[in-house]
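The values are calculated or read from the model by the stated rules, or taken from the named source; none is laboratory data. Note that the structure is a prediction, hence the values are computed from the model and not measured. Glycine also receives a Cβ, built like all others from the backbone with ideal geometry; neighbour counts cover every protein chain displayed. Protein only, heavy atoms only, side chains kept; ligands, DNA and RNA dropped before computing areas. Shrake-Rupley method; radii C 1.70, N 1.55, O 1.52, S 1.80 Å.
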Amino acid sequence: MNIRFPENFTWGVATAAAQIEGGAFEDGRGPSIWDVFSRLPGKIKNGGLPEVACDSYHLVERDVEMMKELGVNSYRFSFSWSRILPEGTGKVNEKGITYYKKLLALLKENGIRANATMYHWDLPYALQLKGGFGNREIIKWFCEYASVLLDNFGEDVDMWATFNEPIATYVGYGQGFFAPGLRDEKYARQALHHLLLCHGEAVKLFRERKPGHGKIGIVVDVWRHYPEREENEEDKAMAFAGNEIRGYGMFLHPLFLGGYSKELLDYFEENQLMPLIAEGDFETIRQPLDFYGLNFYNGLYDNADKMREREKARKEGGNYQDEPENHPEALKDVLHMLVEKYHVNIPIYITENGMPFDDASGREANLDDQARIEYVKNVLIWLHKAMEEGADVRGYYLWSLMDNFEWSAGYDARYGLYYTDYEKAERIPKKSAKWYAQVIREKGFEVER
Ligand code: IFM
């Protein structure tokens, strides 16, 4: 079978500031919520800190060289709010601006299009002290930041995403696993409402400014849940909540259909979680977008009995492990759902897709990452099928260019095409890097079936 993608398909790799840059306290950068959270005992696996990470603050030339080796035509990265505005608002840090200007110039010189995310989870800590996303003032703070970005980089960025995976703010404010580490669902729901407003206002600002030739959109990850046992009421309820109450439905409904879904509103009512919503908010949130960024990793099959066993084991300090599952076929389903249920009738980019390897499996096993190749291949096969059925997908970004700081998993989960040797600050191509370069060159691959 011949899997070929269109001539003008975007092939990319993705990273995010807090995960690769390091230079956390250099050249005037302020602390972000992740700098503070990661120092709290027990929050990050093996105590990993993002302070040096891949040292991209100093090794940006090497980053771009790796992109050239791969042959990608686009790079998805994020700006660090606290490198640009160390206090979140107010004084602009010129050294931060210089850093991103350098990155953008290098990309341009090498014919690599820039796909930039304004916010990828790293709120300036100074703003968290004022309530962060829980404070409606965040809309003003975010617009100030967006305005600095558009003024300085508007000519050089081809694609802008306002936010990456807004769900991380729910995890950080409602569940405590991510920064800032709060466990207050009501606060989290209010924070998400404000985040969506930040998105809407930033899109409006972008339309007013009309910077350069860039396009604007948002990146929402979709982990579609299915009941493992189709007729089991508990499994069905779990999958429903995973999709509509605590998953993509929280965002896709207000962004593309307008307002919160009836299911979510009922849940808010029943649990006294209704956020404060001002008149006009839903109109602000539902702005016409130029593209939608889909982060796709897997489909999930929910089983209530297995969940109970997991919970029990967790309470007893045991180690219940589900068999790892891999459902690349869910991608086709998700792409259909986006159009059929949410009327996403704009170009779609797969803005992230990838697979982690354990650091513990050792350097050699990490370099010989055939399993990652198989995983990506399968995802691309399902993507290709979906495109043949009419899905308007314009590009694919692999997560990630190199192993990096994987949030609460620290440096244990390695997602890179390049192996990062953190001690020597070296990046070494894995088997998957060579394979991906060939896929890009040949715009696809052959599959024996
Ligand atoms: O590393 C993250 C990224 O920051 C957001 N999407 C998922 C990736 C892998 O967990």
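Explain nothing, just the number: relative contact order of the chain, from Cα pairs under 8 Å at least 6 residues apart, as a whole percent.
RCO, the chain: 20 percent.
On a 25 Å Cα-Cα criterion, which of the cross-link pairs 101/210; 45/312; 204/332 come out too long?
Violating the 25 Å Cα-Cα cut-off are 204/332.
Residue farthest toward the positive end of the dipole of the range 74-127, with Cβ of Lys/Arg at +1 and Asp/Glu at -1: which of 115, 90, 125?
Result: 115.
Give me the 1.4 Å probe accessible area per residue for the chain, excluding ligands and nucleic acids, in Å².
In whole numbers, the chain has 41 Å² accessible per residue.
What is the Cα radius of gyration of the range 330-402 over 2.2 N^0.38 Å, N being its residue count?
The range 330-402 yields a ratio of 1.32.
For the range 282-441, give the magnitude of the charge dipole about the Cα centre (Cβ charges: +1 Lys/Arg, -1 Asp/Glu; no others), in debye to the nearest 20.
300 debye
Can you list the chymotrypsin sites (Phe, Trp or Tyr not before Pro) in the range 136-195 that are in a DSSP coil and have 15 or fewer other beta carbons within 10 angstrom?
177
Could you check how much of the accessible area of the range 360-449 is carbon and sulfur, as a whole percent, using a 1.4 Å probe?
Here it works out to 47 percent.
Given the C-alpha centroids of the range 202-216 and the range 406-449, what is the distance between them in whole angstrom?
First find each Cα centre; the distance between them is then 33 Å.
Out of 169, 188, 148, whose Cα points farthest toward the positive end of the dipole of the range 128-282 (charges: +1 Lys, Arg; -1 Asp, Glu; placed on Cβ)?
The listed residue farthest towards the positive side: 148.
Within 10 Å, count the other beta carbons around each residue, average over each peptide in 248-260, 319-331, and list them highest first.
Taking the mean over residues of other Cβ atoms within 10 Å, the ranking is 248-260, 319-331.
What would the Debye formula give as log10 I(q)/I(0) at q = 0.06, 0.07, 0.11, 0.12 Å⁻¹ for the alpha-carbon point model of the chain, no solvent?
So the normalised log intensities work out to -0.24, -0.32, -0.87, -1.06.
Within the range 281-312, list the residues whose amide N lies under 20 Å from a label point set 7 Å along Cα→Cβ of residue 136.
Only 281-287 fall inside the zone, counting backbone N under 20 Å.
Determine which aspartates and glutamates satisfy two conditions relative to residue 130: a Cα distance under 13 Å, and not lying fewer than 8 residues away in the same chain.
87
Compute, for the range 227-274, the length of the dipole vector about the Cα centre, with Cβ point charges of +1 (Lys, Arg) and -1 (Asp, Glu) only. Units Debye, rounded to 20.
It comes to approximately 320 debye.
Quick one: if you stick a label point 7 Å off each Cα along the C-beta vector at residue 368 and residue 310, how many nm between them?
In this crude spin-label approximation the distance works out to 3.2 nm.
Would you list, by chain and number, the lysines whose Cα falls below 26 Å from the Cα of residue 431, excluding same-chain residues fewer than 8 positions away?
Cα-Cα hits under 26 Å: 68, 377, 385, 443.
Could you go through the range 196-213 in sequence order and give the Karplus-derived ³J(HN,Hα) for each residue, using 6.51 cos²θ - 1.76 cosθ + 1.60 with θ = phi - 60°, rounded to whole Hz, and x for Gly and Pro?
These are the phi-based 3J(HN,Hα) values: 5, 5, 4, 4, x, 5, 5, 5, 4, 4, 4, 5, 5, 6, 6, x, x, 10 Hz.
Between the range 29-74 and the range 326-361, what is the separation of their alpha carbon centroids in Å?
For the range 29-74 versus the range 326-361, the Cα centre distance is 24 Å.
Show me the ranking of peptides 276-282, 46-52, 205-211 by mean Cβ neighbours inside 10 Å, starting with the highest.
Top of the packing list down: 46-52, 205-211, 276-282.
Quick one: putting +1 on the C-beta of Lys and Arg, -1 on the C-beta of Asp and Glu, what dipole do you get for the chain around its Cα centre, in Debye to the nearest 20?
Rounded to the nearest 20 debye, it is 940 debye.
Can you give me the Rg/Rh ratio for the range 29-169, using Cα atoms for both radii and the Kirkwood formula for Rh?
0.97
Expressed as cubic angstrom per residue, what is the convex hull volume of the alpha carbon set of the range 260-307?
Each residue corresponds to 142 Å³ of Cα convex hull volume.
Expressed in nm to one decimal, what extension gain is obtained for the pair residue 110 and residue 341 from 0.36 nm per residue of sequence separation less their Cα-Cα distance?
Going from the current span to full extension adds 79.2 nm.
If you roll a 1.4 Å probe over the range 193-249 with all protein chains in place, what percent of the accessible area is carbon or sulfur?
52 percent
Let me know the Rg and Dmax you get for the range 98-189 when you use only its Cα atoms, in Å.
Final numbers for Rg and Dmax: 15.4, 47 Å.
Can you tell me the length gained on complete extension of the stretch residue 447 to residue 147, counting 0.36 nm per residue apart and subtracting the Cα distance?
Additional length available on full extension: 103.3 nm.
Leaving out same-chain residues fewer than 8 places away, which lysines sit with a Cα under 16 Å from that of residue 315?
Once the sequence-local lysines are set aside, what remains near residue 315 is 306.
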